[in-house]
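Colleague: This structure is in structure tokens; I'll ask about it shortly.
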Ligand SMILES: Cc1ncc(COP(=O)(O)O)c(C=O)c1O
């Protein structure tokens, strides 16, 4: 365990011994008034890998030179473009390549998974999730429930933290699963909760869900590329994610899905089908009768958006080089340093409270900070001083130092600026 120090020299020494320090050079760091941002918004939109252009240019070149023949003869043939990401996605989420596929957008994938895995019966029909799930997930759950002719009020169980607490205790989640056991059709939680930054205990929740007879899925928007995941080993039924946050694959980047292999050949499994999920050998025969590819690829509906997929491959290559283990190791240190500096400046929580769990195993890189007063003013002031961070109503700023491109020096400099801004805050 490193003993942190509150000085620039120390922050620099951590950067000096950081084995991943070279990766920052592989990204464009946005600037404000000619100065690089301290970019802590990787939980919203990850930065552009410099090699994204090369990957997209290659596709433009193949398109201009080959036209339709690019489907077969492009340097990465477009017909199979989704296959080039499988190995690395598998490494990132802890899955076999056959269990993952890059496709669509996150919410679409959530709907596709729910079509296959949310099968309410008169006894078992409830969905268990966290209160305050991301809005798109809430709308997906509500509309899926209505699609089955059920009432969301009676069907959705939303778990709240105990009074006076900000995050859910694992024991409370497990107790709720046991309590509602026989009525539960499906459990869907965020892997890392978008607002609080809490990393749920995937294994314990999945085991408990299965024991009660429910299907267990995760929205990994804030977990993928942020924390280590073992979806296959932990027997998770399905998961979905987006790639524009920690996976740095660009705005509107192609999303992903995981389906555990145990479901590939399950009898009676329904899905909303399209030609890209159909048996590849027969895809162009245009025959009646959908024959799904017996892997996650069988959930594809439409052909691959090549430019998004190209940017995705550029970004994934960096993850492969850096490795999730090393990234997570640095991330724990980087966020730990941020936590230490925040506590140094306001040890008695007069001005703010870190609502993210303090145990590193229960969080990713993000710290969510609840500002007791003048929240919006403090946020605006930080932004003007060159910090890129985000604001969530009613009073929370989210700070996400990302191990691929953020430095310990940036964390230190942020803390100095934050201290100054808090001091200047007039209602103090
Ligand atoms: C947790 C979570 N779920 C769902 C979404 C929506 O994603 P999309 O627009 O890609 O469907 C987001 C977007 O930020 C998110 O953070």
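Colleague: Quick check on residue 282: is it more than 27 Å from residue 23 (Cα to Cα) and part of a helix (DSSP H, G or I)?
Modeller: yes
Colleague: Looking at 157, 145, 92, which one is within 18 Å of residue 216 (Cα to Cα), assigned to a helix (DSSP H, G or I) and away from the ligand (no atom under 16 Å from the Cβ)?
Modeller: 145
Colleague: Sort through 256, 277, 250, 268 and tell me the only one that's farther than 30 Å from residue 364 by Cβ and buried (at least 22 other Cβ atoms within 10 Å of the Cβ).
Modeller: None of the other options fit; the residue is 277.
Colleague: Among 122, 143, 116, 135, which is the only one that is surrounded by fewer than 16 Cβ atoms within 10 Å (Cβ to Cβ) and touching a helix residue (DSSP H, G or I) at 6+ places or on another chain (Cβ under 9 Å)?
Modeller: One residue alone meets the criteria, 143.
Colleague: Does residue 269 qualify as being touching a residue at least 12 places away in the same chain (Cβ under 8 Å), closer than 30 Å to residue 368 by Cβ, touching a helix residue (DSSP H, G or I) at 6+ places or on another chain (Cβ under 8 Å) and outside any helix (DSSP H, G or I)?
Modeller: no
To keep it simple, each residue is scored yes or no on (1) buried (at least 18 other Cβ atoms within 10 Å of the Cβ); (2) out of contact with any strand residue (DSSP E or B) (no Cβ under 8 Å at 6 or more places or on another chain).
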residue: 3; (1), (2): no, yes
residue: 8; (1), (2): no, yes
residue: 25; (1), (2): no, yes
residue: 38; (1), (2): yes, no
residue: 42; (1), (2): yes, no
residue: 48; (1), (2): yes, no
residue: 59; (1), (2): yes, yes
residue: 67; (1), (2): no, yes
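Colleague: Pick out, from the range 309-417, the strands (runs of 3 or more DSSP E) lying fully within it that include 3 or more residues that are within 22 Å of residue 39 (Cβ to Cβ).
Modeller: Filter on the range 309-417 gives 367-371, 390-392, 396-399.
Throughout, read-outs are computed from the coordinates displayed, never taken from laboratory work. All figures in this text were calculated on a predicted structure; none of them were measured in a lab. Methodologically, a virtual Cβ is constructed for each residue, glycine included, from the backbone with ideal geometry; neighbour enumeration extends over all protein chains shown.
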